[in-house]
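Reviewing the structure listed below.
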Amino acid sequence: MSLNGIDISNWQPDIDLSAVESDFVIVKTTEGKEYVSPVADKQIQQAIKLNKLIGVYHYATGEGAVDEANYFLNNIKGYIGKAILVLDFEGEVVAFGPSYAKTFLDTVYQATGIRPLLYTSKSVVNQYDWSTVSNEYDLWGAQYASTAQTGYQSEPWEDGIAWGSFGKPVIRQYTAYGSLSGYDGNLDLDLFYGDSDDWQSYVTSDEPDDPSPSTKTPIVQYSDSNGRKAYAYTHWQAITGKPDLALKSDIYTKKQVDSLIANALILTSPGGKKFTITVDDKGVLNAKEVV
């Protein structure tokens with residue numbers, strides 16, 4: 001099963017998606033830290049109204065991976081959970097290598113729970129070792145057979161060279177010279193290797209909707225504004241079997257924190273029961289009621 005689609009940007013400002021056959025549309029939304037496509041929202045909204053699958057992408061410029069990721073996220077808030085998220089990694093930013101791309105992708109994933117795709121060409125894929133990226137993120141790969149105009153293809157040309165550590169792209173962009181009825185101009189044509197359910201798996205978070213309480217995350221208790229210890233908050237990490245507390249002057253003094261680390265943490269439940277909390281070298285919690 002596969003799906004045919006196009007990717008568009010401000011280079012196609014007047015495209016009428018209702019006149020162009022496609023299963024999906026991927027739209028450029030942002031670039032760098034200052035550019036938002038003036039037609040992106042119009043294009044996305046029309047695609048949604050036409051019940052097309054959608055994606056949104058950011059064109060990286062090398063102005064800071066975290067800053068670019070946050071700029072992207074701030075400008076696509078309304079489409080998170082509705083669209084595939086993509087980093088477009090081409091041009092001058094390629095010189096920054098996979099670490100830049102991974103930082104961007106990680107930032108998006110940590111903020112949304114959604115694993116974005118990496119868009120880049122096969123030549124860039126084989127220019128670097130992408131294993132740290134391909135272990136966690138999938139590829140939208142570009143490679144063209146020629147500059148000849150073409151319609152949709154079910155089996156785009158391959159040169160026989162592997163796609164590096166990615167194995168195979170999940171989306172293949174095979175031409176920038178696509179010719180489709182309903183649009184008088186060239187279009188990027190893409191093939192998604194899957195069905196609509198597979199597409200949706202890239203749209204939604206891979207975090208559980210209702211995760212079970214963790215048994216491996218230490219808990220620190222915060223007082224409310226009146227000093228009542230009535231709730232706990234997962235805030236710190238288990239390091240070599242000891243809780244590494246985040247210090248806040250309005251919660252504990254440094255002396256109190258040192259005492260907690262040395263003597264196990266005591267939490268008071270809303271009902272007034274006290275528990276000692278310890279953590280072993282594997283980060284597993286143990287709770288014992290204080291009687």
Once the Cα gyration tensor of the range 120-161 is found, what semi-axes does its equivalent ellipsoid get, as square roots of 5 times the eigenvalues, in whole Å, sorted largest first? 24, 12, 8
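When the solvent-accessible surface of protein heavy atoms is calculated with a 1.4 angstrom probe, in what order do Trp130, Trp157, Trp11 fall, highest first? All intermediate terms of the calculation are to be shown ahead of the outcome.
Working: Trp130 5, Trp157 115, Trp11 215 Å².
Accessible-area ranking of Trp130, Trp157, Trp11, largest first: Trp11, Trp157, Trp130.
Based on the Cβ-Cβ distance from Asn10 to Glu63, what FRET efficiency comes out when R0 is 25 Å, to the nearest 0.05? Please report the intermediate quantities before stating the final value.
Working: r = 19 Å, r/R0 = 0.76.
With R0 = 25 Å, the Cβ-Cβ based efficiency is 0.85.
Take the Cα pairs of the range 68-191, get the Kirkwood Rh, then feed it into Stokes-Einstein at 4 °C and 1.567 mPa s and tell me D in µm²/s.
Taking Rh from Cα pairs, D becomes 83 µm²/s.
Please give the per residue accessible area of the range 42-122, computed with a probe of 1.4 Å over protein heavy atoms only, in Å².
Numbers: 3100 Å² over 81 residues.
With all protein chains present, the range 42-122 gives 38 Å² per residue.
Across all directions of projection, what mean area in square nanometres is found for the Cα convex hull of the range 3-129? List each step's numbers first, then the result.
Numbers: hull surface 30.8 nm².
Hull-based average projected area comes out at 7.7 nm².
For each pair in Lys42/Lys82; Lys49/Lys102; Lys49/Lys168; Lys102/Lys168, compute the distance between the two Cα atoms and list the pairs where it is over 23 Å. Provide the component values of the computation, followed by the final result.
On the way: Lys42/Lys82 15 Å; Lys49/Lys102 33 Å; Lys49/Lys168 31 Å; Lys102/Lys168 18 Å.
Going by Cα-Cα distance, Lys49/Lys102; Lys49/Lys168 fall outside the 23 Å limit.
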Cβ-defined net charge surrounding Ile15, 13 Å radius [Lys, Arg +1; Asp, Glu -1]: -3
Using label points projected 7 Å from each Cα along Cα→Cβ, tell me how many nm separate Asp159 and Lys42, to one decimal. 3.7 nm
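For Asp129 and Asn51, compute 0.36 nm times the residue count separating them, minus their Cα-Cα distance, and round to one decimal in nm. All intermediate terms of the calculation are to be shown ahead of the outcome.
Working: separation 78, 0.36 × 78 = 28.08 nm, distance 3.79 nm.
Result: 24.3 nm gained on full extension.
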Would you mind telling me the share, in percent, of accessible area of the range 1-135 contributed by carbon and sulfur at probe 1.4 angstrom? 46 percent
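The values are calculated or read from the model by the stated rules, or taken from the named source; none is laboratory data. In this text the structure is predicted, and so the values were computed from the model without any measurement. Please note: Cβ atoms are built from the backbone with ideal geometry, for glycine as well, and neighbour counts cover all protein chains shown. Side chains included, ligands, DNA and RNA excluded: accessible areas come from the protein's heavy atoms. Shrake-Rupley method; radii C 1.70, N 1.55, O 1.52, S 1.80 Å.
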